[in-house]
Structure formats: C-alpha cells, structure tokens
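Presented below is the structure to which this report refers.
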Amino acid sequence: MLELSNISKSYQVGPTRLDILKGAHLSVAKGDLLAIMGKSGSGKSTIMNIIGLLDRPDSGSYHLNQRAIEQYQDDELSAARNELIGFVFQSFYLLPRQSALENVMLPLRYRDSPPAESKERAMMMLEKVGMASRAHHRPNELSGGQRQRVAIARALVGNPSLILADEPTGALDPRVGKDIMNLFIDLNEREGMTIVIITHDPSIAERCQRTVIMADGYLEEA
Amino acid sequence: MYLTEAARSLYATKQRTILALVGIVIGIGSVIALVSIGNIVSEEAAKEFRALGTDVITIAMRSPDKEDMRKPRLYRQIAKVLSCVDSIAPHSKIYLDIDNENEDELVLIGSDQGFYDFARFQLSAGRFVNSLDAERPYAVLGAEVAQVLNLSGTPDQLIGQEIEIKGQMVTIIGVLKPFMPLTAVDIEPDISLFMPLKWLLALDSSRQISSSVARTQAQTDTAVCAEKVEQYFKRRIPGVQTEVTTAKELIANMRKQADMLSVLLTAIGSISLVVGGVGIMNIMLVSVSERKQEIGIRRALGAKRKDIRYQFLTESLLLSLLGGFLGVALSVITTYYVAQYNAWEFFVSWQAVFFGAGISAGIGVFFGFIPAHQAAKLDPIQALRGE
Ligand SMILES: Nc1ncnc2c1ncn2[C@@H]1O[C@H](COP(=O)(O)OP(=O)(O)O)[C@@H](O)[C@H]1O
Ligand SMILES: [Mg+2]
C-alpha cells in the first residue's frame, strides 16, 4: 500500500544542518496496524508528515497505492490527502468555532459532496465512534477523549485508505487512551483499515501487529 | 458554503469587525451622501427654472454715475425699445432685522408691476405695488411676513393696517400667496415685503438699482436678447459695468459648480475609501496570522490553495460589502435629514447606491487579495505548527 525507500530529510537551523532522516525505508501493506516508536526528536513526526503528503523528502522515493508521489503538484497532493489519508493528531486539531458534526464534515466539503449527504455520512461516523449524542457540541464543550473521538470520525469520514495517528493518546489519561486505542484496533480488525500510529507507550505498541523504531535517522523493525 | 463560514468567522470577532468597518462605512457613506445631496440640489435648481422658465435673464450693474442708476424709467423703457424683451423687473433690496425672539430677518424689496409680471405671483388679498405708487408708503406682504411681524387676521383683514418700517408708517395694500424661492435673484418672496421702488430709493440718496431680471419674448433667442440688453445699457449709461446672464448660463454655472464640488468630494471620499480598504487589509492580515493553525488543519484535510484563497477573499468581500451596506444606510439617513433641514425634496440616487455597492465589493477583493494570497501560500506543515 505504501513504500518508502531511502528517504532523507534535513533541516537547516542557523549555521548547523540537522540530518533527521538519513535514508529510511518503510513498507506498509494493506490492513497493517503499525506502531512507530522512538525517542522524542528522533524524526517520527517528520516521517509521518512525509507519509501524509504534508511534507516532501529531500531525496528518496515514495509510492502510495503504487503511484510515485514525487511528481505530484500541490493541488494533487491536496486531493490525495483528502481522498486517501485520514489524520489524527496528538492535540486533536479540531476547528474551535465549529460543532463536532461540522468538524467531521470538513473533509467532504473539500470534495464538493452535497451537504445533505455529507451530513448524513458525518453523523454515521460520529455514531461509529460513540459521539452521535454530542454532534452539536463545540470542541470546548467536550473532554479530551471525546475530542479525539471526533477527530477519528473526521479521519474516517472520507473513507481513506490509510489512517495516520501521531501520538493520538499522548494528551489523554491512560484509561481514556486505552479506549481510543481499542477504537483503532477495532477499526483495523473489523474493517481492515490500514493504520500507522506513532507512540511513546510500549503498552500501545504491544497491541499493534508490527512495531518499527526510529533511531539515528533510520527505521528498524523491532 | 464559503459564505456561511465567512459570516461565522466575522461574527466570532465582532468587535474587531466593527472597528475595521468604520473607515469604509464613513468613506462610502460620505461619497454617496455627497453625490445624493448634489443631485438633490441640482434637481431643486432645475425645478425652479422649470417653474420660472428658461427665458429669464438677470442683469447686474455698477456705474460711477449714481443718478442714471436711480431711474426706474430707464429700465421700463427697455421693454418698449427692444422687441425681444417681454417684461423687466428692476429692483433693490434692504435687509430688515426683526426684534423678536427668533431674530427673524425680513427683506424689503423695492419693485413695481414688472416684478409681479416677471415672477407670476398670486395674491391672497389686495394688489401689488406699481410705478404709479411713486414714493407712497405702501407694502405688499409675503406669505409669512404677517406671522413674523406678529400681525393677526385674515389677508383681507390685513389690508389697510399700518406697520412701522424704517421709522415710517406704511400701509399694507396686498398679501401674496406662498411662492418658491427665486434663487436666480436671491429672493425669498415668502419673507419679503414688496414696496414701491421709488420709496426705497428715497430712503438713501446713494442707493442704486443694481439688479434686475427680465423675461424674453417667446420665440426669441435668449442669448441674443441678453446681448442686446447689455448693448442698450452700455449706450444709455456711459461707463456702466454690466453683467448679463441668461438662465441657461446660470444653470450651466450651477452644474459646473456642483460638478467641481462632487469631483472634490469624490476625491476626499476616495481617500477615506483607501484608508478603509487598508483597514480591511490589516484586519485580514491579522486574521490570517491568527488562524495559521486553522489553515494548516484545512490543508491537511484536503483544502487546496484556491480553497483557502477563496475562503479569505469571501471574508474580506463580505466585510467590505457589510461596510458598503452600512455606508449606504448612513448616507441615505444623512441625505434625508439634510434635505429635510433645507426643505428640499428627498430622493435616493440609485446610481449612487449601486456605485457604493460596487466600490465596496471592489475594495473587498482588491485589499483582500494580498491577505488571501498569503494564507493560500502557507506551507501546510508550518501552518499546522502555527509558524
Ligand atoms: N521545520 C523545522 N525546522 C527545524 N527543525 C525541525 C523542523 N521540524 C522538525 N525539526 C527538528 O527535527 C527533529 C525531529 O522532529 P520530529 O519529527 O517532530 O520528532 P518526533 O520524533 O519527536 O516527532 C527535532 O529535533 C525537531 O526539532
Ligand atoms: Mg512528534
């Protein structure tokens, strides 16, 4: 489903060059539930952003659904993010002025689907994550765990091939984090959804089929 | 879709939105109010000339030899000498301060039958003054004069009453019906007292008949006649300085003044519009930098650059249209009260309203473009981090 080879990425900070990724390889098959672990600052989010088409590598090749991403124009990247990828972030990234339902509808808005249909589909997703009763609440009226559920519904609404979750439980109580993790496992097992989760928590990594470790600019199978 | 989102985000920052609008509201409001008031003023002037006729010429004169300028007959003869002149109304005026609580001002106009014929007055009672009244202390009251002088009774009852003017007892011989102001000669009949021209001249030996109005015969060229009138006075009064103006020239002059004024005012208005536009640009730039994370989230979920650009352009367009709408409302209210105050007939200039709407939309797009472009070109990752 996705194939990264020899990916490198460096940042120029003042006079020094930080080589974050030095030729990382990664392949993820359809239906995988993969955990990426590694020390803080090791480059986990960096590679996640590359996988998620939010950032481009300095060199290396990336195939997503057998298609080379390198030549994609900005608009094509936007369309691919919209159709193929669902993001879940550590700090939720919900729009504060919009209701849970409107937040979930947002990805559909960027593919011009009719509002009534979008609403129906968004409602279905909220139901799936157990948030239907809070559809008209704003993010600031919800708990952290509830916000993350809304964010997951938003990631699912566009029927993506791939869910990317960057420390999705990092800002939550361990108990609530476990519930969220159950949700991911459920999605993977019951619907065969491909999911990549970045985490610090070994107990979460344990529950994934596969774990890779980011260290010194490379990814290694655990 | 863009629209409801834009309305929402503007509503969320109400205070700032309102402040950003002040410039554009005042700019649009003043431009449209000024254009509307200008239109109303020219319409008022045009109305007067429609009522008075465009066959009118005004004559202003000055001469070193005062005696010639004190002979009403010299003027009256012109109607006989020049076939193009229908009637002429030489006159002279004095302002009278009235000692009442309103400190009203009345105008004493020395004239004769010619003025009555010229203006086509109508009487409520009595008769108008004529040349046969010579220096007799007679007065014809304008429609509102009796009230100003605290005289009571119907117009018929006023006839024969005596009033004191300039230390003399003067008999009322007539009362006029209400009549529109005569801007061409700067006379408001309703607050004027018409008295024999000779009586007025006798008050002060240095007084001249410096102004008169004439009406030309039908089927004659008013401009040619004005030229003949000027030649007549130059021949009869050596060394006279004359200024003969036709109604058409007066209208044209008024138009030109109004046009010049509106060019000036439009320039001032445009400056305030630019200031308003810059205000909108500023608020939008602030908005973009505050909402970087929102932009990043939208980009991550699949928004294209153009989606972001349209989102912010819609917001600035809505903002400026709102400003334009408030400005138009402000201008209509202002114009209404100005017209009311001056007793002009109020009307809304639709072309000014559309102009205002168009201008504000233009400002929204023009000044919203840079902020929208900045928002659109943000890198998704940097925007997400709020950098
Ligand atoms: N835009 C950037 N400019 C400079 N340094 C960056 C930038 N983005 C990330 N970094 C650096 O790259 C390293 C890896 O970051 P990241 O991928 O976020 O690590 P993590 O594994 O904790 O998610 C960090 O040291 C971070 O400071
Ligand atoms: Mg990270």
Suppose we keep only residues that are open to solvent by less than 20 Å² (accessible area, probe 1.4 Å) and among the β-branched types (Val, Ile, Thr) within segment B:45-57. Which one would you say is nearest to residue B:245 (Cα to Cα)? B:57
If a residue has to be more than 20 Å from residue B:57 (Cβ to Cβ), touching a residue at least 60 places away in the same chain (Cβ under 8 Å) and open to solvent by 30 Å² or more (accessible area, probe 1.4 Å) to count, how many in segment B:92-129 make the cut? 2
Could you look through segment B:300-311, keep only residues that are touching a residue at least 12 places away in the same chain (Cβ under 8 Å) and within 7 Å of another protein chain (Cβ to nearest Cβ), and pick out the one that is nearest to residue A:84 (Cα to Cα)? B:300
Condition check for residue A:62: of a type outside the set (A, V, I, L, M, F, W, C), within 16 Å of ligand 2 (Cβ to nearest atom) and in contact with a helix residue (DSSP H, G or I) (Cβ under 8 Å, 6 or more places away or on another chain): no
Among the residues in segment A:43-53, are any within 16 Å of ligand 1 (Cβ to nearest atom) and of a type in the set (Ser, Thr, Tyr)? yes
Does residue B:345 count as of a type outside the set (Ser, Thr, Tyr), open to solvent by 20 Å² or more (accessible area, probe 1.4 Å) and either within 16 Å of ligand 2 (Cβ to nearest atom) or not assigned by TED's automatic domain parsing to the domain that holds residue B:34 (or both)? no
Which numbered condition trips up residue B:270, out of (1) without any contact (Cβ under 8 Å) to a residue 24 or more places away in the chain; (2) polar (S, T, N, Q); (3) farther than 16 Å from residue B:184 by Cα? (1)
With respect to the numbered conditions (1) within 14 Å of chain A (Cβ to nearest Cβ); (2) in contact with a Leu (Cβ under 7 Å, 6 or more places away or on another chain); (3) open to solvent by 40 Å² or more (accessible area, probe 1.4 Å), which one is the sole condition not fulfilled by residue B:11? (2)
Search result, residues across segment A:1-48 that are in contact with a helix residue (DSSP H, G or I) (Cβ under 9 Å, 6 or more places away or on another chain), over 22 Å from residue A:187 (Cβ atoms) and within 12 Å of ligand 2 (Cβ to nearest atom): A:20, A:38
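Conditions (1) surrounded by 19 or more Cβ atoms within 10 Å (Cβ to Cβ); (2) within 16 Å of ligand 2 (Cβ to nearest atom); (3) more than 30 Å from residue B:44 (Cβ to Cβ), marked per residue:
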site	(1), (2), (3)
B:322	yes, no, yes
B:325	no, no, no
B:333	no, no, no
B:341	no, no, no
B:352	yes, no, no
B:373	no, no, yes
Just one of A:38, A:23, A:60, A:86 is within 16 Å of ligand 1 (Cβ to nearest atom) and farther than 21 Å from residue A:222 by Cα; which is it? A:60
Can we say residue B:42 is in the same structural domain as residue B:285 (by TED's automatic domain parsing), touching a helix residue (DSSP H, G or I) at 6+ places or on another chain (Cβ under 6 Å) and surrounded by fewer than 18 Cβ atoms within 10 Å (Cβ to Cβ)? yes
Output for segment B:375-387, where each listed residue is within 12 Å of chain A (Cβ to nearest Cβ), more than 55 Å from the chain's Cα centre (by Cα), more than 16 Å from residue B:286 (Cβ to Cβ) and open to solvent by 30 Å² or more (accessible area, probe 1.4 Å): B:379, B:382, B:385
Considering (1) among the small types (Gly, Ala, Ser); (2) at pLDDT below 95; (3) open to solvent by 30 Å² or more (accessible area, probe 1.4 Å); (4) part of a helix (DSSP H, G or I), say which one residue A:170 fails and leave the rest. (4)
I need the full set of residues from segment A:63-85 which are at the interface with chain B (Cβ under 8 Å from one of its Cβ atoms) and open to solvent by 30 Å² or more (accessible area, probe 1.4 Å), in order please. A:74, A:75, A:83
Within segment B:284-299, take every residue that is open to solvent by less than 30 Å² (accessible area, probe 1.4 Å) and over 21 Å from residue A:78 (Cα atoms) and give me the one that is farthest from the other protein chains (Cβ to nearest Cβ). B:284
Give segment A:152-167 a look and list any residue that's more than 16 Å from ligand 1 (Cβ to nearest atom) and either open to solvent by less than 30 Å² (accessible area, probe 1.4 Å) or under 12 Å from the mean Cα position of the chain (by Cα) (or both), or say none. A:152, A:153, A:154, A:155, A:156, A:157, A:158, A:160, A:161, A:162, A:163
Looking for something within 14 Å of chain A (Cβ to nearest Cβ) and hydroxyl-bearing (Ser, Thr, Tyr) - is there at least one such residue anywhere in segment B:321-342? no
Name the residues in segment A:173-185 that are open to solvent by 10 Å² or more (accessible area, probe 1.4 Å) and over 25 Å from residue B:302 (Cβ atoms), would you? A:173, A:174, A:175, A:176, A:178, A:179, A:182, A:185
Given segment B:130-218, what helices (runs of 4 or more DSSP H) lie entirely inside it while holding 2 or more residues that are hydrophobic (A, V, I, L, M, F, W, C) and either under 30 Å from residue B:46 (Cβ atoms) or open to solvent by 50 Å² or more (accessible area, probe 1.4 Å) (or both)? B:145-148, B:197-203
So residue A:122, is it at pLDDT 95 or above and at the interface with chain B (Cβ under 10 Å from one of its Cβ atoms): no
Taking the criterion of being within 27 Å of the chain's Cα centre (by Cα), part of a helix (DSSP H, G or I) and under 23 Å from residue B:49 (Cβ atoms), would at least one residue in segment B:93-115 satisfy it? yes
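So that you can scan it fast, the table gives a plain yes or no per residue for (1) more than 14 Å from every other protein chain (Cβ to nearest Cβ); (2) on the phi > 0 side of the Ramachandran plot:
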| position | (1), (2) |
| --- | --- |
| A:87 | no, no |
| A:100 | yes, no |
| A:104 | no, no |
| A:112 | no, yes |
| A:115 | no, no |
| A:130 | yes, yes |
| A:135 | yes, no |
| A:143 | yes, no |
Scanning segment A:189-213 residue by residue, those buried (at least 21 other Cβ atoms within 10 Å of the Cβ) and not β-branched (Val, Ile, Thr) turn out to be A:193, A:208
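The values are calculated or read from the model by the stated rules, or taken from the named source; none is laboratory data. All of these numbers come straight from a predicted model, not from anything done at the bench. Every residue, glycine among them, receives a Cβ derived from its backbone with ideal geometry; neighbour counts consider all protein chains shown. With ligands, DNA and RNA removed, areas are computed over all heavy atoms of the protein, side chains included. Shrake-Rupley method; radii C 1.70, N 1.55, O 1.52, S 1.80 Å.
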